[in-house]
Each structure stands twice: as C-alpha cells, then as structure tokens.
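Student: The structure that follows is given in the form of structure tokens.
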Amino acid sequence: MTITRPDGLGAAELALWRSWQAPGSGLDSPFLAPDFALAIDRARKDVRVEIAVFEDGSGLAGFLPYERHGRAVGRAVGMGVSDCQGVVHRPGARTPLPAALAAASLSVWEFDHLLAAQLPRHAPDAARVGSPVMDLSEGYDPYRDARRALTRSAIGGVERKDRKLGREHGELRLEYGCRDPEMLRLMMRWKSAHYRRTGAADRFGWPWVRQLVEESFATATEEYGGLLSTLHAGDTPVAVEFGLRSGTVYERWFGAYDADAFGAYSPGLVMMLRFARAAADHGIRTIDLGKGSEPYKEFFAGSHIPLAEGWISRPSARATLYRARHVPPRIIRDYIKSHPDLRRRARETRDAVNRVRRYGFGAHRS
C-alpha cells in the first residue's frame with residue numbers, strides 16, 4: 001500500500017477508480033468519486049487530503065481518500081458534507097481499513113457515512129445506521145404507485161398542495177438542470193436562513209463549502225457534478241434543489257425554499273416529487289435522501305443504504321485519549337431522547353437561541 005496526494009494520481013489510476021464505480025456496484029455515489037476528493041483538496045487549505053492506494057497480487061485493488069487532521073487523526077474526506085464514504089475497490093478485492101490506518105500512520109479514522117459492509121468486524125466505537133433512498137429503477141410512476149399504496153395520505157397530501165400552490169400562485173414549472181448561477185446563490189441564501197431558523201450550523205458560512213458547491217455547479221458533466229433544479233409558480237421561484245450526480249445516482253445535498261411566502265404549501269416536498277419525476281426521465285435510478293430521521297424521508301424512501309458512523313482506531317495512547325475526549329453525537333442524542341425532562345430543556349434552549357438569532361435579544365415567545 002502507498003499513500004499519495006490526490007493530484008499524485010495519474011490518468012490511468014483515475015480511470016480505473018471511475019471504472020469501479022459502475023452503476024449497481026454499490027460504489028457509484030458521487031461522494032466516492034475521485035472528482036469529489038480532488039475538489040475537497042482544492043477547497044480545503046486547513047487539512048491535508050491523502051489517498052491510500054491498496055495493491056494486491058493482481059495490481060491496484062482500491063482507493064481510500066481521507067483528510068489528515070494533525071499527526072495521527074484522519075477523517076473521511078469531506079466529512080460534514082459527504083453522505084457516502086469508504087474504499088472504492090476492484091470487485092472482490094480485499095481492502096481492510098485497519099491496513100490503511102497502519103500505512104498512513106493514523107491512530108484514528110473518523111467517519112459518519114461509511115458503507116457498513118466495509119466496517120471492520122471489531123469496531124466498538126462505531127454504530128450502524130441507514131440512509132433512506134428513493135428507488136426509481138422502474139421509473140417514476142411505479143415508484144409513486146408503490147409509495148402511495150403504503151403512505152397514501154402522505155403522497156396524496158403533497159400532490160394536493162402541489163395543485164393548490166399552482167391554483168393560487170400560478171402554474172408550476174420545474175427546470176431540471178438549471179444553469180443560472182443566481183438560482184444557486186438564491187438556494188444558498190434560503191438554506192442559510194433555514195439553518196438560522198433551526199439553530200443548525202450554517203454550512204455556507206464555511207468558505208470551503210461555498211467553493212465546493214460553486215465549483216461542482218460550474219464544472220458539472222453527465223458523469224459527475226452539481227445538479228441544480230428550480231420550481232417556479234408563474235415567474236416566482238418557490239424552491240431550489242441542489243445535489244451531486246454521478247451516472248444514475250443523485251445525492252440530495254441542499255434543498256431550500258421560500259419559507260416566508262410559501263411555507264404553508266410544503267414547497268420542499270412538492271419540489272421533491274416533481275424533481276423525482278424529472279430525474280427518472282433523465283436516467284437517475286437512485287435518489288439518496290441523506291441520513292436522518294425526518295418523517296418525509298420515511299414517506300418517500302423505499303429502502304435504506306446501510307451505513308456506519310463513529311471511528312476505528314489502532315491500539316495507541318493517542319487513540320485512547322481520542323476515545324476519552326470524543327463522545328459520539330449519537331450517544332448524546334439517544335441519552336437526551338430517553339430522558340423527557342432533558343429533551344424538553346434542550347428543545348426550549350434551541351427555541352430560545354433561534355428567537356435571539358432571528359429577532360435579537362429581548363424577544364419573547366409569541
């Protein structure tokens with residue numbers, strides 16, 4: 001095994017990497033593409049991006065991109081904005097992650113969307129989770145009919161709001177693959193406002209994320225890149241959808257809408273169903289909705305991609321210290337959820353912070 005920088009890979013190696021991401025391989029997420037690792041390397045100046053190159057008796061066997069944080073701690077490349085992580089490998093090749101840690105002199109490697117099949121057998125600091133996906137392999141209408149049979153009220157409710165929005169604000173129009181950079185900027189403004197309302201960290205406040213999004217939009221191709229779509233009522237933009245595409249897979253990255261003017265119509269859900277129909281017509285077979293427990297994901301998802309979050313480590317004093325200092329967020333969340341009083345206080349604190357962010361100090365609950 002060798003360790004190199006992303007720009008140290010030659011054309012033949014990049015072509016091999018991409019060939020292992022064939023549709024249906026389970027490795028065809030755009031977040032696993034070499035293009036994503038290269039883009040992270042260009043955007044992030046605060047970390048060092050490296051590639052562990054696996055080899056065996058048949059030659060090159062796999063590639064694992066990661067970020068080096070300090071001397072001995074690694075993280076999945078793009079962690080925080082990447083919804084799929086792991087080794088891209090030749091079919092049937094063995095690419096054990098502990099071997100990559102040893103070769104890279106890493107004591108710890110952290111991840112939050114690792115393909116669960118790649119998790120080592122002994123991984124006490126990792127938990128299995130799932131990422132809900134929309135299966136459009138048979139087309140949109142069979143998908144819609146199957147989901148409606150299971151969640152009739154949910155799908156029907158969105159379709160009724162779709163019709164109502166069109167009646168009251170003008171005929172709805174979806175532009176799939178919009179190339180207008182102003183619509184991209186509008187998406188980021190709306191999404192930043194959503195982050196402020198919900199108390200979440202504003203990812204577009206991180207310069208490297210803005211660069212990553214803008215670059216993926218500007219350089220998009222059919223094989224890889226940012227895909228922007230917009231929903232208009234008449235001439236008025238209502239919702240914007242932006243994600244990464246590679247071949248037949250679409251990773252839903254950022255969805256945003258005008259909450260003040262159209263929030264009552266659930267425009268994000270209206271957009272999601274309209275986008276899914278258009279995506280199926282353009283060759284998309286899988287829409288990954290992203291890890292999370294939001295109800296709409298369970299309504300729309302027909303299956304889940306098995307993932308894992310946490311970290312793996314090699315026996316060392318540094319790994320022991322890391323374990324002591326880092327409690328996985330899932331443990332904190334589960335503990336709060338299991339204690340009603342703590343859950344109530346956390347919700348009240350979140351709401352208070354959101355009121356201050358939106359209205360300033362001295363704001364009171366209406």
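Student: Would you list the helices (runs of 4 or more DSSP H) that sit entirely within region 97-187 and hold 2 or more residues that are open to solvent by less than 10 Å² (accessible area, probe 1.4 Å) and more than 30 Å from F204 (Cα to Cα)?
Tutor: Numbers: elements: 97-103, 140-150, 152-169.
The helices (runs of 4 or more DSSP H) meeting that bar are 97-103, 152-169.
Student: Right, G74: among the small types (G, A, S) and more than 14 Å from S313 (Cα to Cα) or not? Outline the logic, then answer.
Tutor: Numbers: among the small types (G, A, S): yes; more than 14 Å from S313 (Cα to Cα): no.
No: the conditions fail for G74.
Student: In region 225-305, which helices (runs of 4 or more DSSP H) lie fully inside it and hold 2 or more residues that are among the aromatic types (F, W, Y) and either within 17 Å of the chain's Cα centre (by Cα) or closer than 18 Å to S192 by Cβ (or both)?
Tutor: On the way: elements: 259-262, 267-281, 295-300.
Helices (runs of 4 or more DSSP H) meeting the threshold: 295-300.
Student: Is it the case, given these coordinates, that V249 is touching a helix residue (DSSP H, G or I) at 6+ places or on another chain (Cβ under 7 Å), touching a residue at least 12 places away in the same chain (Cβ under 8 Å), under 20 Å from V158 (Cα atoms) and buried (at least 20 other Cβ atoms within 10 Å of the Cβ)?
Tutor: Details: touching a helix residue (DSSP H, G or I) at 6+ places or on another chain (Cβ under 7 Å): yes; touching a residue at least 12 places away in the same chain (Cβ under 8 Å): yes; under 20 Å from V158 (Cα atoms): no; buried (at least 20 other Cβ atoms within 10 Å of the Cβ): yes.
When the stated conditions are applied, V249 does not pass them.
Student: Then there is this: Give me the pairs, please: first residue somewhere in region 10-31 and more than 18 Å from P91 (Cβ to Cβ) and touching a residue at least 40 places away in the same chain (Cβ under 8 Å), second residue anywhere and part of a loop (DSSP other than H, G, I, E, B) and open to solvent by less than 70 Å² (accessible area, probe 1.4 Å), beta-carbon distance under 8 Å, and either six or more positions apart or on two chains.
Tutor: P30/Y224; F31/G78; F31/S82; F31/D83; F31/C84
Student: With the structure loaded, tell me whether T219 is closer than 21 Å to F299 by Cβ and either surrounded by 12 or more Cβ atoms within 10 Å (Cβ to Cβ) or among the β-branched types (V, I, T) (or both) or whether it fails that test.
Tutor: Against the criterion (closer than 21 Å to F299 by Cβ and either surrounded by 12 or more Cβ atoms within 10 Å (Cβ to Cβ) or among the β-branched types (V, I, T) (or both)), T219 does not qualify.
Student: Taking A93 and the conditions (1) open to solvent by less than 10 Å² (accessible area, probe 1.4 Å); (2) assigned to a loop (DSSP other than H, G, I, E, B), which numbered condition does it fall short on, given that it satisfies the others?
Tutor: Going through (1) open to solvent by less than 10 Å² (accessible area, probe 1.4 Å); (2) assigned to a loop (DSSP other than H, G, I, E, B) one by one, A93 breaks only (1).
Student: For region 171-202, enumerate the residues that are farther than 28 Å from R277 by Cβ and of a type in the set (D, E, K, R).
Tutor: R196, R197, D202
The values are calculated or read from the model by the stated rules, or taken from the named source; none is laboratory data. This one's a predicted model, so the numbers in the text were calculated from it and none came from an experiment. In this analysis, Cβ positions are derived from the backbone assuming ideal geometry, glycine residues included, and neighbour counts consider all displayed protein chains. The accessibility values were calculated without ligands, DNA or RNA, using every heavy atom of the protein model including side chains. Shrake-Rupley method; radii C 1.70, N 1.55, O 1.52, S 1.80 Å.
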